[in-house]
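Colleague: Below is one structure. I have some questions about it.
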Amino acid sequence: MKKKLILSLLFIVITAGCTQCSGTEEVTYEKKLARSGGVSYDENYITVGFIQTGKESDWRDANTRDYQNTFTKEKGYNLIYIDGNSDARRQVKAMHDLISQGVDYIILDPIVEDGWEDILKLAQDSKIPVLLADRGVSADPSLYTCWIGSDFKTEGVNAVKWLADYLEKQGRKSEDINLVILEGTKGASATIGRTEGLRKEISRHKNWRILASECGNFTQGEGKAVMEQILEKHKDIDVLISENDNMMFGAMKAMTQKDVSYGVDGDVITISFDALEEAFERMMTGELMVSVECNPLIAGLCEKVIRQIEAGQEVAPVQYVQESVFTYKNAGEYSEDRKY
Ligand code: AHR
C-alpha cells in the first residue's frame with residue numbers, strides 16, 4: 001500500500017485571447033499550482049491527509065487534538081492536517097490536492113453529506129483509501145473504505161427519552177410542553193441524524209409542541225443570535241434542545257440577557273449534545289441538565305483501520321464510537337476521569 005510518488009512540477013497554462021488587443025495576437029499566462037505539485041514524502045512514514053471540518057466548536061478542537069496525538073512521527077506517520085474552514089468546497093479542493101500529491105491515506109470529515117461522489121471516485125481510481133470520520137456522506141459506500149463515528153440518530157432519541165422520563169418524575173407527563181430546537185449545520189449528517197431522532201421521539205408525545213427549530217450552525221455565536229430571535233417571538237418555552245454544547249452556551253447568554261431562567265431551578269429545561277469539559281462544569285452547577293455524549297476520540301479507530309489495511313486485513317465498513325448520556329445528577333461522579 002505504501003507508495004512513493006514524486007510528482008513533477010505542474011503548470012496550468014492558461015491561454016487566453018487578448019480581447020483588448022487588435023488582430024489575433026494571443027497572450028499566454030503561466031501559473032504554478034503551488035500546493036499540488038512537486039511534493040515528495042519520506043517513504044519511511046505513512047502519509048495521512050486529514051481534512052477537518054473547521055474550528056466551529058470545542059468538540060472539533062478536541063477531535064483535531066486527537067488526530068495530532070495519534071498520527072505522530074514516533075508512530076511512523078506523516079500527518080497533513082487541513083482545516084476545511086467550514087467550507088465544503090474547500091474540503092473538495094483539499095482532497096484534490098491530497099490525491100494529486102499521492103498521499104497514502106485520506107481521512108475525511110465531511111461538513112455536509114452531499115456532493116462527494118466525483119472526488120471519492122477520483123480517490124478510488126487513484127487507489128487511495130478514504131476513511132470517513134465523524135460525519136458521513138450520501139455517496140455510495142462502495143466509494144470509500146469505511147465510516148467511523150457516532151450514531152447521531154440514537155443520540156437524538158436518547159435526549160428525548162431522558163426528557164420524557166424527567167417530566168414524568170416531575171409529575172408533568174400530561175402537561176402541554178413547548179420545545180425549541182437549535183439545529184447544527186444544514187446538510188451535516190450530525191444535524192440530519194440528531195434532528196431525525198429528536199423529531200421521531202418527540203412525535204410520540206401528543207401534548208408536546210415544537211415552537212421553533214432553527215439552524216445555529218454548531219457555533220456559540222450563532223446559537224446566541226438565533227436564540228435572541230426566538231426569544232423575541234416566544235415567551236413560553238419549556239424545553240431548549242441544542243444540537244451541541246456550544247450553541248447551548250450561546251443560547252444561555254441570550255436567555256440570561258432576557259431574564260429567562262433555565263436549568264434545574266429555572267423555567268427552561270436545557271438539553272444539549274457533546275458532553276465536553278465546560279458542559280460538565282455547567283451540569284454540576286445545574287445550568288445544563290443533560291448533555292448527550294458525542295465522543296470526539298475517533299483517531300485511534302482510524303489508525304487501527306490503517307494498520308489493518310497495511311497488514312492486508314479486512315476492515316469493518318461501519319464502526320461506532322462508544323457514548324453515554326450525562327446529567328446534572330451524575331456529572332460530578334464522572335467529571336474527574338473525563339479526557340475531553
Ligand atoms: O459532527 C460532530 C458535531 O460537530 C459536534 O456535535 C459538534 O460540536 C461539532 O461541531
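Colleague: If we keep just the residues of segment 260-303 that are aromatic (F, W, Y) and touching a Lys or Arg at 6+ places or on another chain (Cβ under 9 Å), which is surrounded by the most Cβ atoms within 10 Å (Cβ to Cβ)?
Modeller: F273
Colleague: Determine whether D118 is under 21 Å from the mean Cα position of the chain (by Cα), among the charged types (D, E, K, R), surrounded by fewer than 24 Cβ atoms within 10 Å (Cβ to Cβ) and more than 26 Å from G221 (Cβ to Cβ).
Modeller: no
Colleague: Taking segment 128-172 as the region of interest, how many residues are among the charged types (D, E, K, R) and touching a residue at least 12 places away in the same chain (Cβ under 8 Å)?
Modeller: Selection size over segment 128-172: 7.
Colleague: On to the next question. Tell me which strands (runs of 3 or more DSSP E) are completely within segment 117-199 and hold 2 or more residues being within 13 Å of the ligand (Cβ to nearest atom), of a type in the set (A, V, I, L, M) and over 22 Å from L211 (Cα atoms), or say none if there are none.
Modeller: The strands (runs of 3 or more DSSP E) meeting that bar are 130-133.
Colleague: When only residues in segment 36-90 that are of a type in the set (F, W, Y) and either away from the ligand (no atom under 13 Å from the Cβ) or more than 26 Å from A275 (Cβ to Cβ) (or both) count, which is surrounded by the fewest Cβ atoms within 10 Å (Cβ to Cβ)?
Modeller: Filtering segment 36-90 for residues that are of a type in the set (F, W, Y) and either away from the ligand (no atom under 13 Å from the Cβ) or more than 26 Å from A275 (Cβ to Cβ) (or both), the one surrounded by the fewest Cβ atoms within 10 Å (Cβ to Cβ) comes out as Y81.
Colleague: Among the residues of segment 205-216, is there at least one that is within 16 Å of the ligand (Cβ to nearest atom) and either buried (at least 18 other Cβ atoms within 10 Å of the Cβ) or of a type in the set (A, V, I, L, M, F, W, C) (or both)?
Modeller: yes
Colleague: Next question, about the same structure. Go through segment 219-259 and report how many residues are polar (S, T, N, Q) and within 16 Å of the ligand (Cβ to nearest atom).
Modeller: Looking only at that region, the number is 5.
Colleague: One residue is enough: does segment 247-270 have a residue meeting the conditions aromatic (F, W, Y) and in contact with a helix residue (DSSP H, G or I) (Cβ under 7 Å, 6 or more places away or on another chain)?
Modeller: yes
Colleague: Further, regarding this structure: Need the failing condition index for W162 against (1) surrounded by 14 or more Cβ atoms within 10 Å (Cβ to Cβ); (2) touching a Cys at 6+ places or on another chain (Cβ under 9 Å), just the number.
Modeller: (2)
Colleague: Mind listing whichever residues of segment 163-177 are in contact with an Asp or Glu (Cβ under 9 Å, 6 or more places away or on another chain) and under 17 Å from M248 (Cβ atoms)?
Modeller: L163
Each value in this text was obtained by applying a stated rule to the coordinates, not by laboratory testing. If you're wondering where the values come from, they're calculated on a predicted model, not measured in any experiment. All Cβ positions, even for glycine, are placed from backbone atoms using ideal geometry, and neighbour counts span all protein chains on display.
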